[in-house]
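The values are calculated or read from the model by the stated rules, or taken from the named source; none is laboratory data. Keep in mind it's a predicted model, so treat the numbers as computed, not measured. Counting neighbours? That spans all protein chains shown, and the Cβs are built from the backbone with ideal geometry, glycine included. Heads up: the accessible areas ignore ligands, DNA and RNA and are worked out on the full protein's heavy atoms, side chains in. Shrake-Rupley method; radii C 1.70, N 1.55, O 1.52, S 1.80 Å.
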Amino acid sequence: MSTTTQTIDGPKRSIWDGGQSPFKASYGKLMMWFFLLSDAFTFSALLITYGMVRSAHKAYPGDMADFTFSNEYWPVPEKVFNAVPFLHGYDLPLVFVGIMTFILIMSSVTMVLGVEAGHRMDRKAVEKWMLWTIIGGLVFLGCQAWEWTHYIVGTEGGTAMKFLVNGSWVEKTIFGANLSVNQYGPTDFADFFFFITGFHGTHVFSGVVLNFLIYYNTIKGVYDKRGSYEMVEKVGLYWHFVDLVWVFVFTFFYLV
């Protein structure tokens, strides 16, 4: 296969001579891909570390029907994340986080539609789909804020846990979780929960801000004047990455 191209005012040039893009990708898209690649390494390191720390803790050895929270073994996610707003007292394992996941994935669908509308130079359609993407991101962040609040406050009765103090075991009732204590199990579980989901939530918030800027510029007709909606596509790459990362976080942290 030939790697040369015919120029208008000169002989054939090789694509390796520089000044050309073999994949017809703009500088902005390439830089976005480089950033996403580096960010993927960061999330991979966090999830791998989480897996190593979890493997160092004992798993619950008994029957799930008899499960109770304890700092002696790793908690079962279905027992920790089983609450849903306005349905107090119902045991609904992972239902709420499943709803959050669905909302974020649907926001990725609306982003795809926005990018497609940009390729057609359809300004009104871009505005519509970008607005829906922003709404999806904000709803996801609101759901995550509620989940954090519920996790920090804890259950009504708390959990009695044993702690080694001055060489003696002391039993204390713990309510909720923070970076020092965790009602649901070892403190490592809470540390990773806050750091991984918080780090991802920061990405979602950043994506919402970027999407709003794109939405504002679209309303102002900036991209019509430029003759290209490539900025929508570049921000779309970031948003799809954020959605994809959440699928891995959901799988590793909530399901496995």
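Could you tell me which of the residues Met31, Met64 is under 23 Å from Phe192 (Cβ atoms) and modelled with pLDDT under 90? Break it down stepwise before answering.
Values: Met31 fails: under 23 Å from Phe192 (Cβ atoms).
Unique residue meeting the criteria: Met64.
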Pairing a residue in region 198-216 that is on the phi < 0 side of the Ramachandran plot and outside any helix (DSSP H, G or I) with any residue that is open to solvent by less than 70 Å² (accessible area, probe 1.4 Å) and of a type in the set (Gly, Ala, Ser), where Cβ atoms lie under 6 Å and the two sit 6 or more apart in sequence or on different chains, gives none
Across (1) within 21 Å of the chain's Cα centre (by Cα); (2) open to solvent by 20 Å² or more (accessible area, probe 1.4 Å), Asp91 clears everything bar (1)
Condition check: touching a helix residue (DSSP H, G or I) at 6+ places or on another chain (Cβ under 7 Å), without any contact (Cβ under 8 Å) to a residue 60 or more places away in the chain and surrounded by 12 or more Cβ atoms within 10 Å (Cβ to Cβ). Does Val245 satisfy that? no
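Condition check ((1) surrounded by fewer than 19 Cβ atoms within 10 Å (Cβ to Cβ); (2) aliphatic (A, V, I, L, M)) across all residues:
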residue: Pro186; (1), (2): no, no
residue: Ala190; (1), (2): no, yes
residue: Phe194; (1), (2): yes, no
residue: His200; (1), (2): no, no
residue: Ser206; (1), (2): yes, no
residue: Ile214; (1), (2): no, yes
residue: Thr218; (1), (2): no, no
residue: Gly221; (1), (2): yes, no
residue: Asp224; (1), (2): yes, no
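Residues that are more than 27 Å from Val247 (Cβ to Cβ) and either open to solvent by less than 70 Å² (accessible area, probe 1.4 Å) or assigned to a loop (DSSP other than H, G, I, E, B) (or both): does region 45-60 have at least one?
yes
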Criterion first (closer than 21 Å to Ala177 by Cα, buried (at least 16 other Cβ atoms within 10 Å of the Cβ), out of contact with any strand residue (DSSP E or B) (no Cβ under 8 Å at 6 or more places or on another chain) and touching a residue at least 60 places away in the same chain (Cβ under 8 Å)) does Phe96 satisfy it? no
Result of the Cβ filter at 7 Å on region 138-162, keeping first residues that are within 25 Å of Leu104 (Cα to Cα) and at pLDDT 90 or above and partners that are open to solvent by 60 Å² or more (accessible area, probe 1.4 Å) and in a loop (DSSP other than H, G, I, E, B), at least 6 apart or interchain, is Ile152/Asn178
Only unsatisfied item for Tyr238, checking (1) in contact with a Gly (Cβ under 7 Å, 6 or more places away or on another chain); (2) on the phi > 0 side of the Ramachandran plot, is (2)
Cβ pairs under 6 Å, 6+ apart or interchain, first in region 37-66 and of a type in the set (A, V, I, L, M, F, W, C), second loosely packed, with under 13 Cβ neighbours inside 10 Å, ordered by first then second residue, are none
For region 217-242, the count of residues that are basic (Lys, Arg), without any contact (Cβ under 8 Å) to a residue 24 or more places away in the chain and in a helix (DSSP H, G or I) equals 2
Among (1) at pLDDT 95 or above; (2) surrounded by 19 or more Cβ atoms within 10 Å (Cβ to Cβ); (3) over 26 Å from Phe248 (Cβ atoms), Lys128 falls short only on (2)
